[in-house]
Amino acid sequence: MTRVLNGRVAQVKEVARGRWPEILIHVGHFPAEVLDGRHHPCPRCGGKDRFRLIDAEDGAVFCNQCFRRGNGDGLAAIQWYRGWTFPEVVSAIEDYLGLKPQAKTPRTTPQKAPSKEATSPPRQEKAYPSVAAAWAAIPEVFRFGREPDAYWGYTDEDGRVVMFVL
């Protein structure tokens, strides 16, 4: 179980890198106005001028009073702020990022003979090491001058991300 959770955590961290302010707002329910890197009242303990986002890339937040230790990343931040267990945080972020493996559905209809197209060799697609690398490879004319509004990860039966749709 720990090995499976560790693999899921690594996948979540890879996909979430650089998107933590968005994730902290939508999954963690942090107020957006406190995630600009400046000092703000703590949304949890209410202390004046003691809370801030210290690492937008990894999602780390800091409160001088109630969240000084164990605040290494966005996973820890959401766990602290929402009071969730670590597996609950990972699961919620997987849901938000579209990383949950889809349940297999048994095939109930008889299979047809393969068509001519089905027997042709598969088209070779270019694989990218990350969503950011894939996004960077898209010609500028198709990007509309901004990052994608959303993307979804599709996984194989072992839970590894094998494709993203931007």
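Between residue 95 and residue 32, the simple label model (points 7 Å from Cα in the Cβ direction) yields a spacing of 2.2 nm. Under a model in which nothing but the beta-carbon of Lys, Arg (+1) and Asp, Glu (-1) is charged, the range 1-90 shows a dipole of about 280 debye around its Cα centre. Computed with a 1.4 Å probe on the full set of protein chains, the accessible area for residue 155 sits at about 30 Å². About its Cα centre, the dipole of the range 47-89 is roughly 320 debye, where the only charges are +1 on Lys and Arg Cβ and -1 on Asp and Glu Cβ. Among rounded, prolate and oblate, which fits the range 53-94 when a ≥ b ≥ c are the square roots of the eigenvalues of its C-alpha gyration tensor, a/c under 1.5 means rounded, and a/b larger than b/c means prolate? It is oblate, given that a/c is not under 1.5 and a/b is not larger than b/c. On the beta carbon distance between residue 54 and residue 25, with R0 = 25 Å, the FRET formula returns roughly 0.95. A straight chain from residue 39 to residue 156 at 0.36 nm per residue would run longer than the Cα-Cα distance by 37.9 nm.
The values are calculated or read from the model by the stated rules, or taken from the named source; none is laboratory data. Keep in mind the model is a prediction, meaning the values are calculated, not measured. Note that each Cβ is placed from the backbone with ideal geometry, even for glycine, and that neighbours are counted across all protein chains shown. What goes into the accessible areas is simple: the full protein's heavy atoms, side chains included, and nothing from ligands, DNA or RNA. Shrake-Rupley method; radii C 1.70, N 1.55, O 1.52, S 1.80 Å.
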